[in-house]
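> Quick one: this structure, given as structure tokens, is what I'll be asking you about.
The values are calculated or read from the model by the stated rules, or taken from the named source; none is laboratory data. Computed from a predicted structure; not experimentally measured. Cβ atoms come from the backbone with ideal geometry, glycine included; neighbour counts cover every protein chain shown. In case anyone asks, the SASA skips ligands and DNA or RNA and just uses the protein heavy atoms, side chains included. Shrake-Rupley method; radii C 1.70, N 1.55, O 1.52, S 1.80 Å.
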Amino acid sequence: TGRVVAQLVDGVSRTFNEFLLLPNRTSRECTPGSVDLRTPLVRHAVGEPSEIELRTPFTSAIMQAVSSPELAIALAREGGLGFLHHNRPVEDQVSEVRAVKNFKAGFVISDTNVRPTDTLGHLRELMQETGHSTAAVTEDGTASGKFLGLVTSRDFHPQRHDPAALVSSRMLPLEKIAYSRADVGLSEANTRLWEERLDCLPTVDESGFLRHLVFRSDYTDNKRFPLQLVDAGKRLRVGAGVNTHDYRDRVPALVEAGADALCFDSSDGFSDWQAEALTWAKKHYPDVAIGGGNVVDGQAFTFLADAGADFVKVGVGGGSICITRDQKGIGRGQASAVLDVAAARDAYRDQTGQYVPICSDGGLVHDYHVALALAMGADFVMMGRYFARFDQAPGAKLPTRDGFVKEYWGEGSSRARNWQRYGQGSRGLLFEEGVDGFVPYAGDLHEGLATTIAKLKATMVSCGAIDLGAFQATARLTLVSDQSFQESHATVQVRETSGLG
Ligand code: XMP
């Protein structure tokens, strides 16, 4: 006779809040400055390097409210990878992939542009809006119009010059400024900036149309990003989400546009649809790096790895905007899911000689949760709420009584109108799997991520781990009781916060 009751999987479904790390012995050499956060992104043979290695273990969620090109650029400059979302027409996603791939560090598209016939009053307003003191003068007043000259802070002073006068009266025309051909490299551009004592070097194409501006101040800016994640052609790397509905069109278009890694993204990745789609992608595009998910147990991991997934995303219902567990009763505590899948990944490695990295996706609330996810075996993490808080995320920034918030909504919310993914047909959502809300605004990604990285390195140093491999191999976890959870927090009345993250 067959089974008549459901099978109960061993163990309780646990979350990150239930764990802490025990400190290990720290050697003299193990300092924050020497900690290395490199980690493999894609499948590789044991003993060989991964074709793509992240330089910091962060990826951004495949979500409308998270991964804009601006965010993907900012994250790649920090050594991580942004995944542009796919719940929209193929052409829209492709043009965003191109925008990231075409980004040239140090080369900016001018945002303060005027016509020679505009008034200085108009220029003043524009400069106030953008906060920039160099304006490009083009025939049609756009960033890519026929280039006619520049107005800099040396040429124009808002209080000194008549607002009714024309831009042409103060601009430096082409014959008086240094500019360059469009294919100039950054180091050549920088040499000219210094040798010719310039503040700004415009680049112009063969027909005389403006392409970029290179600023002297951005040279030092580039030095801020020593970990930039770039491809062989020195272009920033970018990821893109795909789905099991239109992958036959979307995968080729994204590959053609230069996406570095693709990822199937579903609240239920343990499906024949996804296995078929992965197999198809690997057959037609053997060189594509493509991940699968999401799953929460070892069996599902092995299923997707066998189907060809280059990495597997872990997590169902733990995300900050997720209500999948409330709505469908499906999911698993994120810590238990990561621990189980990591064990399956290691078993798969031992059996096949192939290492298939795993990503802990969703539910990371505190910075130390990142450290826990990595210690538990995740090769990298994916975050939505975390990145949605920054300037570079696409959600609107709104004022509140206590500061600012940014909009953040789930891909399964009716706002995302994501009926394809949830397979409820063209009548639209019958029920939602995500909510629409707000997250506290957190400023610039560079500053925010620096704090998170500093904490992660400090945790690793306490655990005596100089890199993520050592961290996973030596981490010792302890379960936290309700009482000891209370003990973890300050038990005095806090006078004021330091403002530090
Ligand atoms: P965090 O906690 O970082 O989670 O904000 C981001 C992850 O949540 C998943 N996601 C959803 N899950 N309903 C869900 O059940 C949704 O509407 C939804 N939108 C995103 C996704 O895995 C993402 O990376």
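> Out of the residues in the stretch 368-380 that are in a helix (DSSP H, G or I) and not hydrophobic (A, V, I, L, M, F, W, C), state the one that is surrounded by the most Cβ atoms within 10 Å (Cβ to Cβ).
This residue is His369.
> Can you find, within the stretch 385-400, the residue that is nearest to the ligand (Cβ to nearest atom) among those that are in a loop (DSSP other than H, G, I, E, B) and open to solvent by 50 Å² or more (accessible area, probe 1.4 Å)?
Among them, the one singled out is Pro394.
> Would it be correct to say that Val365 is more than 9 Å from the ligand (Cβ to nearest atom) and either assigned to a helix (DSSP H, G or I) or open to solvent by 30 Å² or more (accessible area, probe 1.4 Å) (or both)?
Spelling it out, it is not the case that Val365 is more than 9 Å from the ligand (Cβ to nearest atom) and either assigned to a helix (DSSP H, G or I) or open to solvent by 30 Å² or more (accessible area, probe 1.4 Å) (or both).
Quick grid of which residues meet (1) crowded, with 19+ Cβ neighbours inside 10 Å; (2) more than 14 Å from the ligand (Cβ to nearest atom):
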| residue | (1), (2) |
| --- | --- |
| Asp246 | no, yes |
| Asp249 | no, yes |
| Leu254 | yes, yes |
| Ala257 | yes, yes |
| Leu262 | yes, yes |
| Ser266 | yes, no |
| Asp272 | no, yes |
| Ala275 | yes, yes |
| Thr279 | no, yes |
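> Oh, and also: May I ask you to verify whether Gln486 is at pLDDT below 95 and either touching a helix residue (DSSP H, G or I) at 6+ places or on another chain (Cβ under 6 Å) or assigned to a helix (DSSP H, G or I) (or both)?
When the stated conditions are applied, Gln486 passes them.
> Among residues belonging to the stretch 315-355 that are of a type in the set (Asp, Glu) and more than 16 Å from the ligand (Cβ to nearest atom), point out the one that is surrounded by the most Cβ atoms within 10 Å (Cβ to Cβ).
Only one residue fits best here, namely Asp340.
> Tell me the strands (runs of 3 or more DSSP E) entirely within the stretch 63-179 that contain at least 1 residues that are open to solvent by 20 Å² or more (accessible area, probe 1.4 Å).
Where strands (runs of 3 or more DSSP E) fall fully within the stretch 63-179 and carry at least 1 residues being open to solvent by 20 Å² or more (accessible area, probe 1.4 Å), they are 147-151.
> Would you mention how many residues in the stretch 325-370 are among the hydroxyl-bearing types (Ser, Thr, Tyr) and at pLDDT below 95?
Selection size over the stretch 325-370: 0.
> Filter the stretch 289-310 down to residues that are out of contact with any helix residue (DSSP H, G or I) (no Cβ under 6 Å at 6 or more places or on another chain) and within 14 Å of the ligand (Cβ to nearest atom) and give me whichever is nearest to Ile52 (Cα to Cα).
The qualifying residue nearest to Ile52 (Cα to Cα) is Gly291.
> Tally up the residues in the stretch 431-469 that are within 16 Å of the ligand (Cβ to nearest atom), touching a strand residue (DSSP E or B) at 6+ places or on another chain (Cβ under 9 Å) and open to solvent by less than 30 Å² (accessible area, probe 1.4 Å), please.
6
> Let me spell it out: the conditions are (1) over 19 Å from Val312 (Cα atoms); (2) in a loop (DSSP other than H, G, I, E, B), and Glu407 meets all of them except one. Which number is the exception?
Against the list (1) over 19 Å from Val312 (Cα atoms); (2) in a loop (DSSP other than H, G, I, E, B), Glu407 comes up short only on (2).
> In addition: Given the structure, is Ser50 open to solvent by less than 50 Å² (accessible area, probe 1.4 Å), away from the ligand (no atom under 16 Å from the Cβ) and of a type in the set (Gly, Ala, Ser)?
Judged against the criteria, Ser50 is a match.
> Tally the residues that are in a loop (DSSP other than H, G, I, E, B) and in contact (Cβ under 8 Å) with a residue 40 or more places away in the chain, restricting the search to the stretch 232-245.
5
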